[in-house]
Amino acid sequence: MAFLADALSRVKPSATIAVSQKARELKAKGRDVIGLGAGEPDFDTPDNIKEAAIDAIRRGETKYTPVSGIPELRKAISEKFRRENGLDYAPEQVIVGTGGKQILFNALMATLNSGDEVIIPAPYWVSYPEMVAICGGTSVYAETQLENGFKLTAEALEAAITPKTKWLIFNSPSNPSGAAYSEDELRAITDVLLRHPHVWILTDDMYEHLTYGDFVFKTPAQVEPRLYDRTLTMNGVSKAYAMTGWRIGYAGGPIEIIKAMDMIQGQQTSGTNSIAQWAALEALTGPQDFIQRNKSIFEGRRDLVVSMLNQASGISCPTPEGAFYVYPSCAGLIGKTAPSGKTIETDEDFVTELLETEGVAVVHGSAFGLGPNFRISYATSEALLEEACKRIQRFCAACV
């Protein structure tokens, strides 16, 4: 009898973590490697947030907290939803978890039975289908197209819905593509969901504050209030506040699912790190001016990377509306011979040869469910991005 659970046979390791680890290993061996795999801002956590954490330690805020979060933070999240998203979630409709991952995992664990289906637009964040698999559900992929900016269409969503569908996981702005949905584009999606009252929507709004130009962020329940009773709105402080390591995610939703998630979390990790919660409180209620400053820097990086990649032979890179990723196609390189002499047959071959030849670490698109593409995170310095793009241009030019 096998010792490990059968569920593990359905789960793959995280490709994004694997790429970052491979880059670290090559650097440790003395290779000149530029790692563009990690989805993590290179900015430091703002000082006022760090000071709030230090003050909390000095006050002795080091004990267990309520499972769903300290009352002060839940109240601040409730006010954030009302102020920024027009969503009326009472504090008891809010839960705080150890990062967005725990929020998503708890929601799926609390709701999925064997045979339940979860619609996931592709390309998708690598963890979505693995979480669904661990929780006993079945992922149903709705493919998007480069030509329309990798956005889910109403027609593709309608085609994916069956009587077994329980959730749509909806991520805007998107990891990995950076695609963000306008109010009209969201309306087309929500109109479909209104016709299928058995389908709930789990929104991943983690990149809410990282949109560019004149783009205005909206979340689905904000656009269509009739979906309020079957929407779980997830967010966190990781990206916009440069607090990835603090591990704070949160969600607002109907009280029945929040209570179910609280029960699961109570038997899993209990309350989230107390000091990180006090830091998150300061993040949500303190000065917000640095967000716009950081956005401007990210937007400049995006424009640099898109421009340089579109000058690379065989690469086509759309301009995303948000997040800090680009998701270019490498279809023009498929079938060509890399400098090593190996034929590039897949996007995974492309990223492997790019790393070995030029020392640039990116993630292959097939890991996100749609290729031949690759993902670049531009959450690093402009100097490194420029050098990395020069290397990509050189590699592509050398493929024949």
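The values are calculated or read from the model by the stated rules, or taken from the named source; none is laboratory data. Everything numeric in this text was worked out from a predicted model, so none of it was measured. Neighbour counts are summed over all protein chains in view; Cβ atoms, including those assigned to glycine, are modelled from backbone coordinates with ideal geometry. We work out accessible area using only protein heavy atoms, side chains counted, and drop any ligands, DNA or RNA first. Shrake-Rupley method; radii C 1.70, N 1.55, O 1.52, S 1.80 Å.
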Given +1 on the Cβ of Lys and Arg, -1 on the Cβ of Asp and Glu, and no further charges, what dipole in debye does the chain carry about its Cα centre, rounded to the nearest 20? 740 debye
To the nearest 20 Debye, how big is the dipole of segment 78-132 about its Cα centre, given +1 on the beta carbon of each Lys and Arg and -1 on that of each Asp and Glu? 200 debye
10 Å-binned pair-distance histogram of segment 292-400 (Cα, whole percent): 16, 51, 27, 5, 1
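About its Cα centre, what dipole magnitude does segment 334-400 give when the only charges are +1 on Lys and Arg Cβ and -1 on Asp and Glu Cβ, stated in debye to the nearest 20?
Working: 6 positive and 10 negative charges, 26 e Å.
The dipole of segment 334-400 has a size of about 120 debye.
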If I take every Cα pair under 8 Å that is 6 or more residues apart in the chain, average their sequence separation and divide by the length, what percent do I get for the relative contact order? 22 percent
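Of 101/218; 22/101; 22/259; 75/239; 166/295, which ones are farther than 29 Å apart at the Cα?
With Cα atoms farther than 29 Å apart: 22/259; 166/295.
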Would you work out which of 70, 15, 121 lies farthest towards the positive end of the dipole of segment 1-140, given +1 charges on the beta-carbon of Lys and Arg and -1 on that of Asp and Glu, about the Cα centre? 15
Run the numbers on segment 100-151 and let me know its relative contact order in percent, using alpha-carbon pairs under 8 Å that are six or more apart. 38 percent
Kirkwood Rh, angstrom, segment 290-347 [1 / mean 1/r, Cα pairs]: 13.0 Å
Output ³J(HN,Hα) for segment 366-375: one whole-Hz value per residue in order, computed from phi by the Karplus curve 6.51 cos²θ - 1.76 cosθ + 1.60 with θ = phi - 60°, and x for Gly and Pro. 4, 5, 9, x, 7, x, x, 9, 8, 10
Quick one: what are the phi-derived ³J(HN,Hα) couplings along segment 153-162, Karplus 6.51/-1.76/1.60 with θ = phi - 60°, whole Hz, x for glycine and proline? 9, 4, 5, 5, 5, 4, 5, 7, 6, 10
Within the set 194, 370, 232, GNM on the chain using Cα springs under 10 Å gives the largest fluctuation to 194
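For the chain, what does -39500 (n - 2.57) per DSSP helix run (n ≥ 4), summed and divided by total residues, give at 222 nm, in deg cm²/dmol to the nearest 500? Don't skip to the answer; put the middle values down first.
On the way: 13 runs with 159 residues, N = 400.
Per the formula, -12500 deg cm²/dmol.
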Using every Cα-Cα pair within segment 265-305, state what percent have a distance larger than 14 Å. 67 percent
When ligands, DNA and RNA are left out and all protein chains stay put, how many square angstrom of accessible area per residue does the chain have with a 1.4 Å probe? 41 Å²
Which number comes out as Rg/Rh for the chain once both Rg and the Kirkwood Rh are worked out on C-alpha atoms? 0.97
Of the accessible area of segment 234-386, computed with a 1.4 Å probe and all protein chains kept, carbon and sulfur make up a percent value of 49 percent
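Using a 1.4 Å probe on the protein chains only, how many percent of the accessible area of segment 1-110 belongs to carbon and sulfur? Don't skip to the answer; put the middle values down first.
On the way: 3500 of 6240 Å².
Taking all protein chains in place, segment 1-110 shows 56 percent carbon and sulfur surface.
Using 0.36 nm times the number of residues separating residue 9 and residue 397, minus their current alpha carbon distance, what extension gain do you get?
Working: separation 388, 0.36 × 388 = 139.68 nm, distance 4.01 nm.
Value of the extension gain: 135.7 nm.
Given that compact globular proteins tend to follow 2.2 N^0.38 Å, what is the ratio of the alpha-carbon Rg of segment 104-175 to that value?
Numbers: Rg = 11.9 Å, N = 72, 2.2 N^0.38 = 11.2 Å.
With N residues counted in segment 104-175, Rg over 2.2 N^0.38 Å equals 1.07.
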Rg/Rg_ref, segment 1-103, where Rg_ref = 2.2 N^0.38 Å and atoms are Cα: 1.58
